[in-house]
Number of protein chains: 2
Amino acid sequence: MKRLFNPKSVAVVGVSTNSSKVGHVIFSNLIKNGYDGKVFAINPKHKTILGKECYPSLRAIPKVDVAIIAVPAKFVPNVLLDGIKNNIKNYIIISGGFGESNNTELTNKLMNIINTYKINVLGPNCIGILNTKNKFDTVFFPLHKMDRPPFGKISIISQSGGIATAIIDKAANLGIGLSKVISYGNAYNINETDLLNYLKNDDETNVIVMYLESVKDGRRFTKILKETNKKKPIIILKAGKETKGKEAAKTHTGSMSSDYIAFKASFKTSGVLEANNLTDLFNYIKIFSQPLPKGKNLGIITNGGGLGVMATDEAIKHKLNIPELNKEDIDMLKPFIPSYVTIANPFDLVADADVDRYKRALDVFMNAKNIDMVLINVLFQAPSISEQLLNPIIESSANRNKPIAVVIPGGRWSEAFATILSMNNVPTYDSPEQAIKSLRKLYEYARFKRLNKK
Amino acid sequence: MKRLFNPKSVAVVGVSTNSSKVGHVIFSNLIKNGYDGKVFAINPKHKTILGKECYPSLRAIPKVDVAIIAVPAKFVPNVLLDGIKNNIKNYIIISGGFGESNNTELTNKLMNIINTYKINVLGPNCIGILNTKNKFDTVFFPLHKMDRPPFGKISIISQSGGIATAIIDKAANLGIGLSKVISYGNAYNINETDLLNYLKNDDETNVIVMYLESVKDGRRFTKILKETNKKKPIIILKAGKETKGKEAAKTHTGSMSSDYIAFKASFKTSGVLEANNLTDLFNYIKIFSQPLPKGKNLGIITNGGGLGVMATDEAIKHKLNIPELNKEDIDMLKPFIPSYVTIANPFDLVADADVDRYKRALDVFMNAKNIDMVLINVLFQAPSISEQLLNPIIESSANRNKPIAVVIPGGRWSEAFATILSMNNVPTYDSPEQAIKSLRKLYEYARFKRLNKK
């Protein structure tokens, strides 16, 4: 499987001259975005494409590590047979039009080839692989329409290409690093469990995110899930929960989604974290840049009272504690805080708070013995707040003493600061409930880890 | 009250030369952002500020419609007495440091003046008013740190200045028009019910959004809520729900928040829509640009299968129907849809869908007899999708035949299209569950209106 993620040479089969076609985009992305392996274009109709030589078939080129297939479904079996004649072992089939379109005959033909010749196939009906390390990238969305994120130790396994796309694009936009993203589509050969099992031992992956509609082998899946989650956190979004959603999932990747109750049980025994929707999934991804908390005592700092009130409501709702401040911590703050500001937890620094007041509060909260994690709310719109607040927050996060999350509501000005924090591995949210839910998940994983050590 | 929103002349008391001080920012915003009334700066220490004449007190200027007070709390009573000597009737007290700081003596002094001289006071401890029509704007956040939205018929009443700020800024960022935004702070005189009662009959307000921690007079509030919601939809975010949250609310605006159960009952009898958090609040604001649906039958269109599956799950969860397509609608689509695409609801146009396929689907769904509202999911990253898809979506929304919502997940490229749609009154979301929850709220208000007509 390592070869599939790190090919030294690849071929793209079905590279059209039309730049809105999938094969063209993949070929173009590979040669433009710094992939350092050799890339062959295959299309019998052309001699050159984008100034590169074009070959008539997989038999006309030297053996490659991976063949990427983007031709209409009916041509896929013959392309595979060509590749097999040239001893090619690994294939990513982008093309759709198999089980998900009720094309049983073609599906059987494909399965038969896979089983007879023992080849490795990812797909069909998928967007394949993005490896940010070596820039191996079969995602058929043009570079100008979709940014690629920097390298980071979060990997994504997605049954849906669209969801993988949404995550890659948003991560890139926020400067959040990803390692490997795999969209595996109909999973006729390599499936979700195989991928999970690979990432379990992948040194370049610390956090695994999965979007699932169904699994092929529930028992093996649960076993690997359990083993993997003990080593690194897994966050799962399960879609196709409702009957009607299941039908939609069937049309989507050609597989009937399994019973949600069974999934729930599997998630529970494995201790994996479930995200209920795409918003939550993305929020949870962000929080894992932080160290695990020692407990569930939350400190809240804000310069907007309403944000503090809402954060408190949500913290109670999600069963986090908001402890009173210790006397020594209050005493430490007193000399620096104006008398009209109440020193408490939540700590409302009030609207005229400046960077110094934030720094004092942050310093005490980050060191307070009875606080395990810190939520910082900032209205960057305030006249007395400046960009000088960024550094103390980034440093607090970099110390990895306690997890922090930052809530920054607003528009363009505020978003600019949120992006800077995000690029420095500080999780930012635009509403308190999103941060609180994420901190809760971080705490749940920390608890799971503690219980499994004993 | 009309005069408070539409003053012909105002004075800002406490205009410092320091540009990070509240009084300075308010004065600067008023003279820079096109407010067309007369503006006086008051500060005994200076002759001019920002090139304008500066006056020693409210007695030294002609009578103004509204005095905006931004001096330390202890000076507020004397400033009021100066204004009263000059027959000034309306005051916005920005300054904090009263009940919320446990300053009972000062609070009593202030109350005494209000009651004795029958003046109208908004605040203290608030950001006051933004009227986008005449640019009367006491929001003490500098223009470069916080954009102001265009005019639109949504008005905001917020107990918290910070939450008002977050909404104004985000609305501006998305091009969503607002009418009047009022942050009323401690509400010692003008309270939430007075403001609601005013907006009930305000021609420039079609939708009312409230952020509440407490109310002064529950019975009157419920009565006005009921009357108003029959005329125009009210969306409320109630914070300070939990005991600990209530305490935080007390420190915030100096008033004990009332029992959440009582609020719940009041919201239910009035038929108002409750938002559970800031994310939901903003999502619901957006959907009210759309006409009310005739029923709860939802049509879903997508070029990403996973988005369709998640949208379906959420629709079922929120009790919307996803009807089968009628035969005549399927027949109408057949000639234009490739055979590998299944014509159904949800309608997955698949990843190679172009603008024409979307237009055909949208046209049939917008006219289908058994569909009341339409959710359009678009991965704008797809090579075959172009900006030409914007126009059919904007036109469908402008026809006001059925409500639509658009889900656009992704990064910079996709967000650019989402912003364009948003500026054209099309509600956009970055995840299906946000759109579905919002459509559900729109349906609930439509049902409330229907039941209250009979």
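Throughout, read-outs are computed from the coordinates displayed, never taken from laboratory work. Quick caveat, the model's predicted, so the values are computed rather than measured. Cβ atoms come from the backbone with ideal geometry, glycine included; neighbour counts cover every protein chain shown.
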- Item | Distance in nm between pseudo-label sites at B:Lys294 and B:Ser9 (7 Å out along the Cβ direction from Cα) | 5.7
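Please report the antiparallel percentage of DSSP beta bridges with both residues in chain A, rounded to the nearest 5.
Taking every DSSP beta bridge with both residues in chain A, the antiparallel ones total about 15 percent.
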- Query: How far is A:Thr104 from itself in the other copies, in nm, if each label sits 7 Å out from Cα along the Cα-Cβ line, shortest first?
  - Reply: 8.3
- Once you put a point 7 Å from the Cα of B:Arg59 and another 7 Å from the Cα of B:Thr104, both along the Cβ direction, what distance in nm separates them? 3.3
- Ranked from fewest to most other Cβ atoms within 10 Å of their own Cβ, B:Val79, B:Val22 fall in the order B:Val79, B:Val22
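What is the order of A:Ser95, B:Ser19, fewest Cβ neighbours within 10 Å to most? Kindly include the intermediate steps, with their values, before the conclusion.
Numbers: A:Ser95 24, B:Ser19 11.
Fewest-to-most ranking of A:Ser95, B:Ser19: B:Ser19, A:Ser95.
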- Mean shadow area of the protein assembly as shown, taken as a quarter of the surface of its Cα convex hull (nm²): 38.1
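About the Cα centre of chain A, how large is the charge dipole given +1 on each Lys and Arg Cβ and -1 on each Asp and Glu Cβ? Please answer in debye to the nearest 20.
Dipole magnitude for chain A comes out near 1980 debye.
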- Query: Distances from A:Ile31 to the same residue in each other copy, label points 7 Å out along Cα→Cβ, in nm, shortest first?
  - Reply: 6.2
- Note on the structure: Phi-derived 3J(HN,Hα) across the stretch B:76-88 with the Karplus relation (6.51, -1.76, 1.60, θ = phi - 60°), rounded Hz, x for Gly and Pro, is 4, x, 5, 4, 4, 4, 4, x, 5, 4, 9, 6, 6
- Message: As an exercise, identify the trypsin sites (Lys or Arg not before Pro) in the stretch A:1-72 lying in DSSP coil whose Cβ has no more than 10 other Cβ atoms within 10 Å.
- Response: A:Lys45, A:Lys47
- the stretch B:306-380: GluC sites (Glu not before Pro) in DSSP coil with no more than 11 other Cβ atoms inside 10 Å: B:Glu324
- Message: Which residue in chain A puts its Cβ closest to the axis that rotates chain A onto chain B, and at what distance in whole Å?
- Response: A:Thr279, 4
- Short version: what are the Cα gyration tensor semi-axes of chain B, square root of 5 times each eigenvalue, largest first, in whole Å? 47, 24, 17
- Message: If I model a spin label as a point 7 Å beyond the Cα along the Cα-Cβ vector, how far apart are those points for B:Glu395 and A:Asp331 in nm?
- Response: 7.4
- Query: Roughly how many whole Å is it from the C-alpha centroid of the stretch A:261-287 to that of the stretch B:178-211?
  - Reply: 40
- Query: For q = 0.10, 0.22 Å⁻¹, what log10 I(q)/I(0) does the stretch A:1-125 give under the Debye formula with an equal point scatterer on each alpha carbon and no solvent?
  - Reply: -0.28, -1.35
- Query: What are the residues whose amide H is under 5 Å from the amide H of A:Ser9, where those residues sit 5 or more places off or on another chain and H is modelled from the backbone?
  - Reply: A:Lys38, A:Asp65, A:Val66
- For the stretch B:31-101 (alpha-carbon point model, no solvent) the Debye-based log₁₀ I(q)/I(0) at q = 0.26 Å⁻¹ works out to -1.32
- Task: For B:Pro338, go 7 angstrom from Cα along the Cα-to-Cβ vector, then report the distances to that same point in the other copies in nm, smallest first.
- Result: 6.5
- Task: Kindly write out, for the stretch B:376-382 in residue order, the coupling ³J(HN,Hα) from the Karplus curve 6.51 cos²θ - 1.76 cosθ + 1.60 (θ = phi - 60°), rounded to whole Hz, with x marking Gly and Pro.
- Result: 10, 9, 9, 8, 5, 5, 4
- Query: Do any trypsin sites (Lys or Arg not before Pro) in the stretch A:88-188 lie in a DSSP loop with no more than 14 other beta carbon atoms within 10 Å, and if so, which?
  - Reply: A:Lys118, A:Lys133
- When B:Thr342, A:Thr243 are arranged by how many other beta-carbons sit within 10 Å of their Cβ, fewest first, they go A:Thr243, B:Thr342
